[in-house]
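Derivation of every value follows stated rules applied to the coordinates shown; laboratory data play no part. Here the structure is a predicted model, which means the values were calculated and not measured. Please note: Cβ atoms are built from the backbone with ideal geometry, for glycine as well, and neighbour counts cover all protein chains shown.
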């Protein structure tokens with residue numbers, strides 16, 4: 001159980017930094033500092049899959065997340081994101097169903113238009129709505145905070161995140177905190193298509209497990225002003241997982 005639960009948590013960690021939204025934002029892996037305008041609703045779906053070698057067998061994780069965000073003001077937004085998760089260990093069983101739900105709020109307190117860079121802070125809470133006995137969720141309440149920054153360097157936009165997540169009531173063998181970071185570069189190929197590259201790192205959830213360090217490359221296409229599709233391929237440089245893929249689509253109302 002602990003082994004599968006670790007990968008359920010890993011799927012959440014991998015997915016959290018990639019819940020960015022459409023043309024109003026620019027990133028795929030990192031949380032951008034751009035927020036929905038006041039009174040605007042943004043909906044996006046993010047699906048991911050990763051493969052990990054466990055002994056002589058492969059573990060395949062799949063995660064789907066639906067995020068609905070609302071602009072409280074031009075500098076303040078809130079969102080909720082329920083998720084589905086499935087895992088399949090060759091020769092070792094499988095499960096699928098509702099996973100954990102994330103609620104969060106973000107406030108941007110520096111604006112590039114006036115301050116030459118963006119800076120925002122996000123508070124979030126992961127709710128244990130998934131069945132941890134089936135390894136579909138973490139089984140714990142997990143509050144967290146993220147510092148988000150972005151700045152343009154010529155044609156390239158750099159987006160950086162630094163996050164700390166607490167595990168309330170961790171199980172035996174679990175740590176009480178997870179520290180993670182993501183840096184992403186966005187290069188526009190034209191007014192609709194961008195090339196995105198990212199590097200992410202995270203401390204391990206379980207004592208003795210491998211920390212995460214991966215590289216991602218992908219693209220994002222704005223179908224129209226209020227709609228996007230995108231995706232990214234990932235290669236992990238540690239043994240946390242092997243390969244990963246992510247697809248996404250979003251629309252603004």
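Scoring 38-44, 107-113 by mean Cβ neighbours within 10 Å over their residues and listing the highest first yields 38-44, 107-113.
Per-residue ellipticity at 222 nm from helix content only, as computed over the chain with -39500 (n - 2.57) for each DSSP H run of at least four residues, stands at -2000 deg cm²/dmol.
The distance between label points at residue 38 and residue 172 comes to 5.5 nm (points 7 Å beyond Cα on the Cα→Cβ vector).
On alpha carbon coordinates alone, what is the Rg over Rh value for region 131-253, Rh being the Kirkwood radius?
Numbers: Rg = 17.1 Å, Rh = 16.6 Å.
That ratio is 1.03, to two decimals.
Helix 2-15 and the long axis of the chain differ in direction by around 10°, with both axes built from C-alpha atoms. For region 2-252, the normalised intensity computed at q = 0.09 Å⁻¹ comes to -0.36 (log10 of I(q)/I(0), Debye sum over alpha carbons, equal scatterers, no solvent). Using a simple spin-label model with pseudo-atoms 7 Å out from Cα toward Cβ, residue 103 and residue 253 lie 2.0 nm apart.
Full extension of the segment from residue 49 to residue 75, taken as 0.36 nm per residue of separation minus the current Cα-Cα distance, would add 6.1 nm. I need the calculated FRET efficiency for the pair residue 245 and residue 155, taking r as the beta carbon distance and R₀ as 30 Å, to the nearest 0.05. After rounding to 0.05, the efficiency reads 0.65.
In the chain, Cα pairs under 8 Å separated by at least six residues give a relative contact order of 18 percent. The packing ranking of peptides 210-216, 135-141, highest mean first, is 135-141, 210-216, where packing means the average number of other beta carbon atoms within 10 angstrom of each residue.
Once both labels are positioned 7 Å from their Cα atoms along Cα-to-Cβ, the gap between residue 84 and residue 147 label points is 3.8 nm.
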